[in-house]
Each structure stands twice: as structure tokens, then as C-alpha cells.
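The values are calculated or read from the model by the stated rules, or taken from the named source; none is laboratory data. Since this is a predicted model, take the numbers as computed values, not measurements. No Cβ is skipped: glycine too gets one built from the backbone with ideal geometry, and neighbour counts run over all protein chains shown.
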Amino acid sequence: MFPVFLLSSFCCAALLLARPRALSPARRDDVAAVQAAHRRPTQRSGGIAVFLALAAGAATLPANLVQTYAALIASALPLFLVGLLEDIGQPMTPLRRLAAATASSLLATVLLGLWIERVDLAAADALLRFAPVAILFTSFAVVGIVNAFNLIDGMNGLASGIGSLTAMGLGLVALHAGQADLAQAAFLIAAALLGFLVFNFPFGAIFLGDSGAYVTGFLLAWMSIILLDRVEEASAWAMLLIFFWPVADTFLAMLRRTLAGRRTDQPDRLHFHQFTMRALEILWLGRQRRFLSNPATSVVIWVLASAPVLTGVVLWNAPGAAARALGLYALLFALTYLLGIRLLKRPRRGAIADGPFVPGARI
């Protein structure tokens, strides 16, 4: 795993030192975007470093897994390329991104001959016995995870940190289930992300971009699908716990925008991490210390996100307990968000310089 970590770090350093004109920084409008959390443009080429490290990492895997892993890397290529085009300033419509994610997922299904066959719900499992239904559901689930990881790639270290936690959670479950080769593949993904994290946190010198976030979500989603296929005792609910944070934040965003009568793909500034950063600025740090509030937000979210991941690892073969734990975390997530928004909307003494928190306002 260490060579993959080093390769990822080396590629990030090379991209930063070379400052290729096409990649550095091509998206100067990012700082004016409604969801922006930075004061200056930043390279979004980290996905290149992570993808190269992940591709080269195949050489470190056991022989019995190399073919499967290579198929996943090949399947991720359409998604990676579309994300890279977006990162270098070639706008991709939501439909094109959706098409690329679906194409990559279907390609993986074809190459691996694999799809989701159970979710540990009797009625749903009965439907998933029909291959066309199962394949469509698999594509839906993978596309959802892919976009979920892209949505949390805003704060320094957030997406790569959550991705590392998720990969390590899957790796630990694989070890518990006696799947040492899958565990090694999951830890390989974690190593590539941690190598990138060295440059992404705390100062945000480089970001995953769409290409890196998409590939991260794609590979992690398929790792969980392979694990569920190989290990009958593994619980789908435990997998959801391991993916809890990006999935919960994405679901909340879709629900919030739908209730507000807006398109679900229209960005806003009300993700949990954006709300957390604003809370830190209003309550303690002030708006002029974004260089502190941004990475501090990631640390807070890492701590919160690690709880469901660890719970999923512990309850990896206990579907009933994992389902109840998932419901509890979902309730806590929603209540914390709603309570936090209410508290921040209250005017407070000494807040004149920063102004009150107004959902949807530019900050």
C-alpha cells in the first residue's frame, strides 16, 4: 500500500510543480459559484494523480484479483474522462455526467457479470431476482454514490478523508469476512486517497475535481457490491452505514431542493459541511478566517462520519441491528441539521460584522 501512497503524493507534487496550463487553475469562476468555500482558484487535477496511482496499484494486488480490479479501472474510464473535461473547463451537462456514470456502471456489470442481487428486504430481494431490474437498480445505486462523493468535494480534505474512511471500513469488513484480497484492494484505494490528502489538507493546494470524486465513488461502490456478492453473511444495511455520510447529505440536498421547488441538480450552500463551516465562522472564527474554518469543518465531519462507518464494520453481519442503527443515524443527522439551522438563524450579540446566517445567502 505504501508504494501507492507515494505514487499518489508524487503525482500531486508533480502537477503542482509543473502547473500545466490546461489544469492550473482553469476554473477561475469556481470562487464565484454559489457553493464555493474558497477565496482563490485551486487546481482540480488531483483526480489524475489518484487515478494513476490506482491504476498502477493493480501490480500490488494478488493474482486472483488483478483481472477484477483491472475491469473496474477500465470501467471507470468513461466517468474519469467526462469528469476531467469538466475539471479543465469544458462544461458537461448533468445529462452527460449521468450518461457517463451509467455507462461506466453498465460496463462494470458486463465485464464482471455482477450486479446487486439483495438488499436484505424480502420484497425488494424478490424483485432483484429479475436480472433487468437488478441491473437497473445497480446502475441507480452506483450513480447515486458517484454523485454523492462529488457533492462533498468542497472543503479541504473532506471528500478524500471520507473516501479513505469508507475504503478502510470496507477493508475491515472484508478482513472480518475472510476476504483478504478484497481488503487489500480497499486499502489500496485508501492509500491513493491518503497520498492525495497530504496536498489537499489542510491548505487545499489541489482538489480531486469531478474526475477524482467520480472515480472514488465508483470504485468504492463496486467494492461493496463485490463484497456483498462474495459474502452471503455481509449485510447490505452495514454497507449503507459505511457509505452513510455522502448518501445522507445527498438525500438531504435532493429533499431540500425539491421542497423549495428547485431542480435537484441546482447547487446551493446548504450542505451539511457548508452549514458547519458557517457555524464555525459565526460562533468562533469569523468570516475572515476561512483558511481555518474550511479545514476545521473537514475535521468535524470526519469525526461525525467515522461513527456510522465503525458501526457498519461492527455490525457487518447483523442486518437487523445495522438497519436500526442506520435509522438512528438518519434521525440524528436530520435533527442536528435542522436544530443547527434554527440556532444560526437567531440574531446574536457581536454578530453584526458577519451578519446573521441566512440559508441560501452568499458567504
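Looking at (1) assigned to a loop (DSSP other than H, G, I, E, B); (2) in contact with a Gly (Cβ under 7 Å, 6 or more places away or on another chain); (3) farther than 27 Å from A205 by Cβ, which one does A322 not meet, given that it meets all the others?
Looking at each condition in turn, A322 falls short on (1).
Give me a count of the residues in the stretch 163-196 that are of a type outside the set (S, T, N, Q) and under 23 Å from A13 (Cβ atoms).
Number satisfying all stated conditions: 12.
Considering only residues that are more than 18 Å from L228 (Cα to Cα) and either surrounded by 19 or more Cβ atoms within 10 Å (Cβ to Cβ) or touching a Gly at 6+ places or on another chain (Cβ under 8 Å) (or both), which ones fall in the stretch 93-134?
R97, A100, A101, S104
Restricting to the stretch 85-106, name every residue that is closer than 15 Å to S45 by Cβ and outside any loop (DSSP other than H, G, I, E, B).
L85, E86, D87, listed by residue number.
Check the stretch 68-84 and report whether any residue there is surrounded by fewer than 18 Cβ atoms within 10 Å (Cβ to Cβ), more than 16 Å from the chain's Cα centre (by Cα) and either assigned to a loop (DSSP other than H, G, I, E, B) or at pLDDT below 95 (or both).
Scanning the stretch 68-84 turns up no residue that is surrounded by fewer than 18 Cβ atoms within 10 Å (Cβ to Cβ), more than 16 Å from the chain's Cα centre (by Cα) and either assigned to a loop (DSSP other than H, G, I, E, B) or at pLDDT below 95 (or both).
Restricting attention to the stretch 239-258, which residues are among the β-branched types (V, I, T) and surrounded by fewer than 17 Cβ atoms within 10 Å (Cβ to Cβ)?
T258
Is it the case that some residue within the stretch 282-299 is more than 20 Å from L175 (Cα to Cα), surrounded by fewer than 20 Cβ atoms within 10 Å (Cβ to Cβ) and polar (S, T, N, Q)?
Yes; the residues of the stretch 282-299 include at least one that is more than 20 Å from L175 (Cα to Cα), surrounded by fewer than 20 Cβ atoms within 10 Å (Cβ to Cβ) and polar (S, T, N, Q).
Is it the case that the stretch 280-300 has a residue that's under 26 Å from R118 (Cβ atoms), of a type outside the set (S, T, N, Q), at pLDDT 95 or above and assigned to a helix (DSSP H, G or I)?
No - not one qualifying residue is present in the stretch 280-300.
Could you list, in sequence order, all residues of the stretch 144-201 that are under 17 Å from V313 (Cβ atoms) and aromatic (F, W, Y)?
Selection gives F187 alone.
For the stretch 117-152, give me each residue that is over 27 Å from H271 (Cβ atoms) and either among the β-branched types (V, I, T) or assigned to a helix (DSSP H, G or I) (or both).
Quick first cut of the stretch 117-152, residues over 27 Å from H271 (Cβ atoms) only: 117-118, 120-136.
Answer for the stretch 117-152, where residues must be over 27 Å from H271 (Cβ atoms) and either among the β-branched types (V, I, T) or assigned to a helix (DSSP H, G or I) (or both): A122, A123, A124, D125, A126, L127, A131, P132, V133, A134, I135, L136.
Can you tell me which residue within the stretch 197-235, out of those that are more than 18 Å from the chain's Cα centre (by Cα) and small (G, A, S), is modelled with the lowest pLDDT?
A205
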